[in-house]
1. Got at least one residue in the stretch 10-24 being more than 26 Å from Gly182 (Cα to Cα), open to solvent by 20 Å² or more (accessible area, probe 1.4 Å) and of a type outside the set (Val, Ile, Thr)?
2. Identify the residue in the stretch 54-78 that is without any contact (Cβ under 8 Å) to a residue 40 or more places away in the chain and farther than 20 Å from Ser16 by Cα and, among all such residues, is most open to solvent (accessible area, probe 1.4 Å).
3. In this structure, is Arg81 out of contact with any Pro (no Cβ under 9 Å at 6 or more places or on another chain), open to solvent by 10 Å² or more (accessible area, probe 1.4 Å) and not polar (S, T, N, Q)?
4. Of the residues that make up the stretch 123-132, is at least one over 19 Å from Ala14 (Cα atoms) and acidic (Asp, Glu)?
5. Just give me the residues in the stretch 83-114 being of a type in the set (A, V, I, L, M, F, W, C), in contact with a helix residue (DSSP H, G or I) (Cβ under 6 Å, 6 or more places away or on another chain) and not in a loop (DSSP other than H, G, I, E, B), in sequence order.
6. Six or more apart or on different chains, Cβ atoms under 9 Å: show the pairs whose first residue is in the stretch 138-160 and free of Cβ contacts under 8 Å to residues at least 12 places away in the same chain and whose second is part of a helix (DSSP H, G or I) and charged (D, E, K, R).
7. Name the helices (runs of 4 or more DSSP H) wholly within the stretch 115-233 that hold at least 1 residues that are open to solvent by 20 Å² or more (accessible area, probe 1.4 Å) and over 19 Å from Gly67 (Cα atoms)?
8. For the stretch 161-176, check the following and say yes or no: at least one residue is touching a His at 6+ places or on another chain (Cβ under 9 Å) and on the phi < 0 side of the Ramachandran plot.
Amino acid sequence: MDQTTPLLLVPGLASSARIYAPVLPALWRLGPVMIANHIRDNSMAAIAARVLGEAPPRFALAGHSMGGYIALEIMRQAPERVLKLALINTQARPDTPEATARRRGLMERARRGELRAAREEMFPELVHPSRRDDASIRQLVHEQGEDVGVEGYLRQQTAIIARVDSRPTLARITCPTLVLTGDQDNTIPNAFSKEMADSIAGARLVILDRCGHLPQPEQPDATARALTEWLAS
């Protein structure tokens, strides 16, 4: 990446700028870095449009989980502005009825003030089995949830539920693309990452060992290495 090319990072659901902290020093050395605010709108189209309105004219784009859904919407709205794309532990598929039902249940719990308890229950699903007792990552998940807040979380879930199927537009992506995932992601199985990589011409697929849904804190060195190699390519 040329040192004048900005990098735009998009966090995931109930996630904030903190998720990228473990890899920021390595990325920052390569040029300007910006982290999108994605908690102010309740549709993917509106979130992407606002992010584009606040982004540099042209940039490299990386999205994690929900951030990947936003990144794919950005690719539909303004592909000419994205120089490189990284899709991290995400998928191109729309919500299933079962996933939507689960989200609506979580939204009701959030309205009742049970969001922290819900995060605590879901934590084992987010990380590799070897990190289920990792207090620092658990604390990170809770801190990010507080950053996003209940209203932001509700807007995010509303946007995720209504997102479109991005699989038909993957073949239109022509910029250098990295698809990064963990070998034991129980939130978004890496089969969906393989599906995206197979559908994007020239995409590079990286599957991190001993990694769940949160590669930045789970495997910071390997994640930073994959992203810096993508930016430098």
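The values are calculated or read from the model by the stated rules, or taken from the named source; none is laboratory data. Every value quoted in this text rests on a predicted model; they were computed, and no experiment measured them. All Cβ positions, even for glycine, are placed from backbone atoms using ideal geometry, and neighbour counts span all protein chains on display. Surface accessibility is based on the protein's heavy atoms, side chains included, excluding ligands, DNA and RNA. Shrake-Rupley method; radii C 1.70, N 1.55, O 1.52, S 1.80 Å.
1. So the first thing to find is which residues in the stretch 10-24 are more than 26 Å from Gly182 (Cα to Cα), and the list is none.
No; the residues of the stretch 10-24 include none that is more than 26 Å from Gly182 (Cα to Cα), open to solvent by 20 Å² or more (accessible area, probe 1.4 Å) and of a type outside the set (Val, Ile, Thr).
2. Pro57
3. Values: out of contact with any Pro (no Cβ under 9 Å at 6 or more places or on another chain): no; open to solvent by 10 Å² or more (accessible area, probe 1.4 Å): yes; not polar (S, T, N, Q): yes.
No, not satisfied.
4. So far as the stretch 123-132 goes, no, none of its residues is over 19 Å from Ala14 (Cα atoms) and acidic (Asp, Glu).
5. Filtering the stretch 83-114 down to residues of a type in the set (A, V, I, L, M, F, W, C) leaves 83, 85-88, 92, 99, 101, 106-107, 110.
Adding the requirement that they be in contact with a helix residue (DSSP H, G or I) (Cβ under 6 Å, 6 or more places away or on another chain) leaves 86-87, 92, 106-107, 110.
Within the stretch 83-114, Ala86, Leu87, Leu106, Met107, Ala110 qualify.
6. Qualifying pairs under 9 Å: Glu146/Arg116.
7. Numbers: elements: 115-126, 135-161, 190-199, 215-218, 220-232.
Where helices (runs of 4 or more DSSP H) fall fully within the stretch 115-233 and carry at least 1 residues being open to solvent by 20 Å² or more (accessible area, probe 1.4 Å) and over 19 Å from Gly67 (Cα atoms), they are 115-126, 135-161, 190-199, 220-232.
8. Just the residues of the stretch 161-176 that are touching a His at 6+ places or on another chain (Cβ under 9 Å), to begin with: none.
Within the stretch 161-176 (the criterion being touching a His at 6+ places or on another chain (Cβ under 9 Å) and on the phi < 0 side of the Ramachandran plot), the answer is no, since none of the residues qualifies.
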